[in-house]
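Here the structure is laid out as structure tokens; the discussion comes afterwards.
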Amino acid sequence: MFDNLTDRLEGVFKKLRGTGKLTEENIKESMQEVRMALLEADVNFQVVKDFIAKVSEKAVGLEVTKTLSPGQQVIKIVHDELVELLGGTTEQIRLDGRQPVTIMMTGLQGSGKTTTSGKLAKILKEKGRKPYLVPADIYRPAAIDQLQVLGERLDIPVHPSTTDMKPVEICRQAMTVAGQKGYDTLIFDTAGRLHVDEALMGELKEIQSAIQLSEILFVADSMTGQDAVTVAEKFNQDLEISGVVLTKMEGDARGGAALSIKSVTGKPIKFVGIGEALDALEVFHPDRIASRILGMGDVLTLIEKA
Amino acid sequence: SKTKESLVHRMDTLFLGRKEIDADLFDELEEILITADLGINTTMELLDDARRNVKRNALSDPQELKIVLKEKLRSFLMESDQPAELVRPESGPFVIMVVGVNGVGKTTTIGKITKKFKQAGQSVLLVAADTFRAAAVAQLKIWGERNDVTVVHQQEGADPSAVAFDAIDLAVAKEYDVVIVDTAGRLHTQVNLMEELKKIKRVMGKRLEGAPHEILLVLDATTGQNAVSQAKLFNDAVGITGLALTKLDGTAKGGIVACICRELSIPIRFIGIGEQIDDLRDFNPDDFINALFGDETHNH
Ligand SMILES: Nc1nc2c(ncn2[C@@H]2O[C@H](COP(=O)(O)OP(=O)(O)OP(=O)(O)O)[C@@H](O)[C@H]2O)c(=O)[nH]1
Ligand SMILES: Nc1nc2c(ncn2[C@@H]2O[C@H](COP(=O)(O)OP(=O)(O)OP(=O)(O)O)[C@@H](O)[C@H]2O)c(=O)[nH]1
Ligand SMILES: [Mg+2]
Ligand SMILES: [Mg+2]
């Protein structure tokens, strides 16, 4: 029933049975196992280091309870800490502030911005909003077509952008059209770009200063490895993002990037993409991802009940 | 960025100033290798091996340690059952099928490869067997226009196997040199979609024996450990003959391919270093390893 990490931790604590406290030494040994698990899950090296330091502190001197084995107890501390770090504010898209609500989608190439734009528009429409999809990617071949197709499928209007217009002009124009037609929620789909591409990062800043944005979402692929921190840090530095969307989560990635991104940006993970279909967007559940990062499923529910 | 520069610099100074191999050096090496997405297991294996040699006094010079590590990594990357170069059939069109998870760069890589073949004087037929993703056909058509080659396509939602079959038919009849088949991105864990991929492959083989001759798996260099699972499951399903590693123009190092090459004995054929048509290079293990260690950057 117990899988990898639990087994490994039970091994570490075998010698401990009977004694009353978790000692510094067996904590250290068990933290080695936790460290391995986190690195295997693609949590960033430095983030793991900080995390282990924090958790070790909490674990030392903890009384061993009767209901949980020492291994289970360490897992519980680790898991709880992960949930806390991943969680924080669980606010969704803010709809009650200034109108129209304006959302800009950003991120690396191929992370899922355009698809998520469609998914988000669908959710907002179902909430009674009047979304307007705005293709502001003039670079990727057929990017505008792609969003247009999604708009048609959802029966949601799409701004008639053309590739000969500057993205910032497209956004401005779309704002005007939205005002005229009574669309209250604009979603700007921007081109994928590398965080090191200063010219293209500048383009996003230009949109940011031209349009009063309610949300800037950073869309990241859940399969991302160690580099997630570098990328997220730069997008957040340049744009002060308001939230994160993690895509392609229905696969078998452990999703350590979630922790890396949350750690360096401090910004809430608002949604999780779980498929290509337009209804495959969910709100984020920190506890689920914590279990997944640790590589364990239902074991934790058992521990939590204990 | 800050992280990248500090790593690169640290690597440079790491070896230069040192007279002996100590625990600090190993710690820093561990950070560099893990941060390059090599994975904890491969990293530990590499370093444990080196530690043993240091203990046996077989290794004492930091510079030499670096050379030994590079050599070892090189051997992982070169562990391949397949020839490094693309192998064309003796006669008839050379059929390449391109597969991978969503958004890694399959369609773009096809656009770039097409240019290479065209420059070599070959006629190329592109096949839009991604009938699923919104505007996937339109995207491939633009790459077709850029290369001035024909793109075979049907309506959205058509059976991709049927598209592929008809395309092979056409390629044989019109004596095309090269056929490149774009498939829809799919997660390797989706059994029904992997079955669909098998069918596309099977159907082409029925029309032209031996086709597809090359099954190219596209991997995104920003991907972490999950790339191993991708490679294994795509390989199990259709048998991968080569890899393309995209998005190496960012700060990600793509170190995970070392594990993939080693475990599956598949060669890396191309790397992608940008979104433009010329941003494709043949894979060079030494450049790759140097970049991984932060010693040099790729030739752009
Ligand atoms: N399996 C899966 N695929 C997804 C998900 N979200 C997006 N995709 C797919 O990922 C691929 C890339 O998605 P896009 O929406 O085009 O990504 P993008 O960020 O707009 O890409 P660029 O505009 O080229 O930077 C497509 O094949 C999508 O169908 C998801 O949650 N799960
Ligand atoms: N920076 C960079 N971007 C790349 C590279 N290769 C592809 N891209 C970009 O990555 C995004 C996705 O590329 P596609 O070719 O559409 O990927 P795909 O695998 O065909 O995607 P799906 O068909 O949706 O699964 C696009 O924005 C490309 O321009 C590369 O080497 N470097
Ligand atoms: Mg897009
Ligand atoms: Mg494609």
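The values are calculated or read from the model by the stated rules, or taken from the named source; none is laboratory data. If you're wondering where the values come from, they're calculated on a predicted model, not measured in any experiment. When we count neighbours, we look across all protein chains shown, and the Cβ atoms used for this are built from the backbone with ideal geometry, even at glycine. These accessible areas exclude ligands, DNA and RNA; they are computed on the full protein's heavy atoms, side chains included. Shrake-Rupley method; radii C 1.70, N 1.55, O 1.52, S 1.80 Å.
Dipole magnitude for the stretch B:147-257: about 440 debye, using +1 per Lys or Arg Cβ and -1 per Asp or Glu Cβ, origin at the Cα centre. Taking every protein chain into account, the accessible area of chain B amounts to 41 square angstrom per residue (probe 1.4 Å). Got a sec? Charge dipole of chain B, +1 on Cβ for Lys and Arg, -1 for Asp and Glu; which of B:Val181, B:Leu47, B:Leu29 is way out at the positive end? Highest projection toward the positive end goes to B:Val181. How much of the accessible area of chain A, probe 1.4 Å, is carbon plus sulfur, in whole percent? The C+S portion of the solvent-accessible surface of chain A is 51 percent. Note: relative contact order over the stretch B:106-213, using C-alpha pairs below 8 Å and six or more positions apart, is 31 percent.
Relative to the longest principal axis of the Cα atoms of chain A, the long axis of helix A:198-210 lies at roughly 70 degrees. Packing around the peptides A:110-116, A:182-188, A:195-201, taken as the average count of other Cβ atoms within 10 Å per residue, puts them in this order, highest first: A:110-116, A:182-188, A:195-201.
How high is the relative contact order of chain B? Use alpha-carbon pairs under 8 Å, at least six apart in sequence, and give a whole percent. Reported relative contact order: 25 percent.
Summed over all non-identical Cα pairs, the Kirkwood treatment of chain B gives a radius of 20.3 Å.
Run the accessible area of the stretch B:41-171 with a 1.4 Å probe and give the carbon-and-sulfur part as a rounded percent.
After summing per-atom areas, the C and S share lands at 48 percent.
Converting the Cα gyration tensor eigenvalues of the stretch A:238-290 into ellipsoid dimensions via √(5λ) gives semi-axes, longest first, of 19, 14, 9 Å.
Using the alpha-carbon atoms, what tilt in degrees (0 to 90, nearest 10) does helix A:4-13 show relative to the longest principal axis of chain A? Helix A:4-13 sits at roughly 30 degrees to that axis. In the context of the full set of protein chains, residues of chain A present 40 Å² of accessible surface per residue (probe radius 1.4 Å, heavy atoms only). Burial here means at least 40 square angstrom less accessible surface with every protein chain in place than with the chain by itself, probed at 1.4 Å; in the stretch A:230-248 the buried residues are A:Thr230, A:Lys248.
Looking at the stretch B:45-150, the trypsin sites (Lys or Arg not before Pro) that sit in a DSSP loop and have at most 10 other Cβ atoms within 10 Å of their own Cβ are B:Arg56.
In the stretch B:252-289, burial by the other protein chains removes 30 Å² or more of 1.4 Å probe accessible surface, compared with the chain on its own, from B:Glu275.
Ratio of Rg to Rh for the stretch A:58-142: 1.24 [Cα atoms; Kirkwood radius as inverse mean 1/r over pairs].
Going from the isolated chain to the complete set of protein chains, the stretch B:190-227 loses at least 40 Å² of heavy-atom accessible area (1.4 Å probe) at B:Thr222, B:Gln225, B:Asn226. Farthest toward the dipole's positive end in the stretch A:74-150, which of A:Met105, A:Ala121, A:Val83, given Cβ charges of +1 (Lys, Arg) and -1 (Asp, Glu) about the Cα centre? With unit charges placed on the Cβ atoms, the residue in question is A:Ala121. Each of A:Asp155, B:Asp295 has its accessible area taken with a 1.4 Å probe; listed largest first, they run A:Asp155, B:Asp295.
Taking the C-alpha atoms only, the angle from helix B:23-35 to the longest principal axis of chain B is near 10 degrees.
Based on DSSP H runs of at least 4 residues, each adding -39500 (n - 2.57), what is the mean residue ellipticity at 222 nm of chain A after dividing by all its residues, to the nearest 500 deg cm²/dmol?
Working: 12 runs with 149 residues, N = 306.
Using -39500 (n - 2.57) per qualifying helix, the result is -15500 deg cm²/dmol.
Counting protein heavy atoms only and a 1.4 angstrom probe, how many square angstrom of accessible surface do chains A and B bury in total, to the nearest 100? Walk me through the numbers on the way to the answer.
Details: alone 13900 and 14040 Å², together 24600 Å².
Summed over both sides, the interface buries about 3300 Å².
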